[in-house]
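**Q** Just passing along the structure, written as structure tokens.
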Amino acid sequence: MKNIIKWVAVLTGFFFSLSALSAQNLNQSPTNVKSLGQGIVLTVIIPQQQDPFPQGANTYLSNKLIQAAVANGVAAGPDFSRFFITAQFAMLSKDIVAGPPQQIALNMEVTLYIADYFDQKIYSSVTMNVKGVGTNETKCFINALKSINVNSPVLAQFMDEGKTKIINYYKSQCANIIKRANSLAAQKKYEEAIYVLTSVPDACGECYDLALASTATIYQQYVDRLCDINFAKAQAAWAAEQNSAGAASAGNYLSQIYPDAKCYAAGQDLYREIKNKVLDDWKFEMKKWQDGVDLESQRIAAMRDVGVAFGKGQQPTTYVLGWLRP
């Protein structure tokens, strides 16, 4: 039977997006350059089980998988990634325990996986026996999941094996990853190119440094092209209507210009021209870097922001994982 999985969003986004998510999980400061280095990030997914899995237990399972990842130095969340962590259950027994109150006793095997969706490869797996008792199936599942110790040596070995294979993948494919990103950039597919490059974890050492350098080059091409497009649109909108309506339209385009774009200064000049015309009727600020924060850190965060946005745009709602087997 093919399993259909649903991507479950379990963490909220932050201004620094993916880099901030990793920093939060690892208790690092997002304003430090080194802390902006992206570690391994796994997407948390909840599969539809062969045996009915109570909807009420989904959030608890998601949190348990996140805890297992974070306890072993890996960030986990909803952002799109080729690598994911998931769990499948096999029911061994289900008994009704006489009351009062009547209760249900479940005995199950749970198998955790770290896998590569695109290549359909399992990088690591571990199977555990769990038991739960409760007045309904949801409580049974939750109580069974509570028995999983995220700090156990077995889970640590499971996570270490997955991390090692993911890092080895990026190291072995480094040249191809950078080549693909440059090819995408040549086609002006800058967002996708940045997504490909920012997926490389900082644990990959030299490959990460090469990817970061390539990202900086492609990012500059991206913001310059975006600036040219939006500045031209802002000029046209203001020329068409030199009033509050035209200001609002122009402001929408100016707000999409990055601070390190080549035409940013021209955008500021247009901004001041519009502001002088409409005075205080125009409540608007161009995008700018945060004062007191290292510029390199903010650029790296902005690069990742572009990559994450692209990944979210590509994120499907359902997948078939028939190749995953206990």
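Every number in this text was worked out from the coordinates using simple rules, so none of it is lab data. Owing to the predicted nature of the structure, the values given are computational and were not obtained by experimental measurement. Please note: Cβ atoms are built from the backbone with ideal geometry, for glycine as well, and neighbour counts cover all protein chains shown.
**Q** Kirkwood hydrodynamic radius, region 232-326, all distinct C-alpha pairs: what's the number in Å?
**A** The Cα-based Kirkwood calculation yields 16.1 Å.
**Q** In whole Hz, with x marking every Gly and Pro, tabulate ³J(HN,Hα) for region 95-100 from phi via Karplus 6.51 cos²θ - 1.76 cosθ + 1.60, θ = phi - 60°.
**A** Once θ is set to phi - 60°, the couplings for region 95-100 become 10, 9, 9, 4, x, x Hz.
**Q** So, one more: Could you work out the relative contact order of region 223-274, using alpha carbon pairs under 8 angstrom and six or more residues apart, expressed as a whole percent? Mind dumping the intermediate values first?
**A** Working: 57 pairs, mean separation 22.8, N = 52.
Reported as a whole number, the value is 44 percent.
**Q** On to the next question. May I ask for the equivalent-ellipsoid semi-axes of region 166-268, computed as the square root of five times each C-alpha gyration tensor eigenvalue and listed largest first in whole Å?
**A** 37, 11, 10
**Q** Then there is this: For region 214-262, state which trypsin sites (Lys or Arg not before Pro) are in a DSSP loop and have at most 15 other beta carbons lying within 10 Å of their beta carbon.
**A** Lys262
**Q** Based on the mean of other Cβ atoms within 10 Å per residue, sort peptides 128-137, 247-256 so the most packed one is first.
**A** Final packing ranking: 247-256, 128-137.
**Q** Still on this structure, I have one more. Taking the Cα centre of region 156-268 as origin and charging only Cβ (+1 Lys, Arg; -1 Asp, Glu), how large is the dipole, in debye to the nearest 20?
**A** 300 debye
**Q** Roughly how many debye, to the nearest 20, is the charge dipole of region 39-194 about its Cα centre, given +1 on each Lys and Arg Cβ, -1 on each Asp and Glu Cβ, and no other charges?
**A** Charge dipole, region 39-194, about its Cα centre: 380 debye, nearest 20.
**Q** Let me ask something else. Remind me, relative contact order of region 42-182 in percent, using alpha carbon pairs under 8 angstrom and six or more residues apart?
**A** 22 percent
**Q** Which pairs in the list Lys121/Lys171; Lys64/Lys312; Lys262/Lys287; Lys163/Lys312; Lys262/Lys288; Lys262/Lys312 are over 20 Å apart, alpha-carbon to alpha-carbon?
**A** Those over the limit are Lys64/Lys312; Lys163/Lys312; Lys262/Lys312.
**Q** On to the next question. For region 37-112 and region 212-264, compute the distance between their C-alpha centroids and round to whole Å.
**A** A separation of 44 Å, based on Cα centres.
**Q** Would you mind estimating how fast region 58-184 diffuses translationally, via Stokes-Einstein at 10 °C and 1.306 mPa s with the Kirkwood radius over Cα pairs, in µm²/s? Mind showing how you got there, number by number?
**A** On the way: Rh = 16.4 Å.
Once the numbers are plugged in, D ends up at 97 µm²/s.
**Q** Restricting to Cα pairs below 8 Å that are 6+ residues apart, what does the relative contact order work out to for region 105-239? Please round to a whole percent.
**A** Numbers: 138 pairs, mean separation 20.4, N = 135.
Computed over region 105-239, the figure is 15 percent.
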